[in-house]
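Have a look at the structure below before the remarks.
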Amino acid sequence: LSGPRFTTARLKRSSACRFDHVAIKDHIVSSTPWDQATLRDLLDATSHLESVEFEVRRGGFRLPPLNTTRRLQREHILPLSDISLVESGLDPRDWVLVRSLGRPTTLLRWNSNSKNERSAAHENAS
């Protein structure tokens with residue numbers, strides 16, 4: 001594969017990129033159905049981890065005293081734990097990344113990601 005038609009590309013991560021490009025191998029699946037889940041379930045699913053930060057898509061958490069944010073620490077969510085995930089601005093299709101001290105990034109997801117749930121959330125968002 002050498003010659004004038006083929007060139008070698010050397011791909012490397014841009015130093016200006018804000019994404020950390022980590023391969024996520026650890027998943028936590030919450031047993032609470034999406035439509036019944038609250039921020040308390042988010043906290044309970046990660047209670048075994050210390051110094052936790054939750055990250056979602058840009059503008060994902062829309063919580064009254066905090067406005068719109070992408071990242072939240074456990075301490076910020078604790079007083080708002082009775083708010084449902086839907087009211088908090090999350091969607092069943094959202095990936096919640098859990099960053100914890102001394103551990104690789106973890107993905108938190110819900111067991112009930114059925115097609116009907118995703119379409120209902122999409123219709124409600126429109």
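For segment 90-95, the Karplus equation 6.51 cos²θ - 1.76 cosθ + 1.60, evaluated at θ = phi - 60°, returns couplings of 7, 10, x, 7, 5, 9 Hz by residue, with Gly and Pro reported as x.
Evaluated at 20 °C with a viscosity of 1.002 mPa s, what Stokes-Einstein diffusion coefficient in µm²/s does segment 45-84 have when Rh comes from the Kirkwood expression over alpha-carbon pairs? Kindly include the intermediate steps, with their values, before the conclusion.
On the way: Rh = 10.8 Å.
The diffusion coefficient I find is 199 µm²/s.
Ordered by the number of other Cβ atoms lying within 10 Å of each residue's own Cβ, fewest first, Val96, Val29, Val86 fall into the sequence Val29, Val86, Val96.
Values quoted throughout were computed directly from the atomic coordinates according to the rules given, and no laboratory measurement underlies them. Please read these numbers as outputs of a predicted model, since none were measured by experiment. Virtual Cβ from ideal backbone geometry, glycine too; neighbours counted across all protein chains shown.
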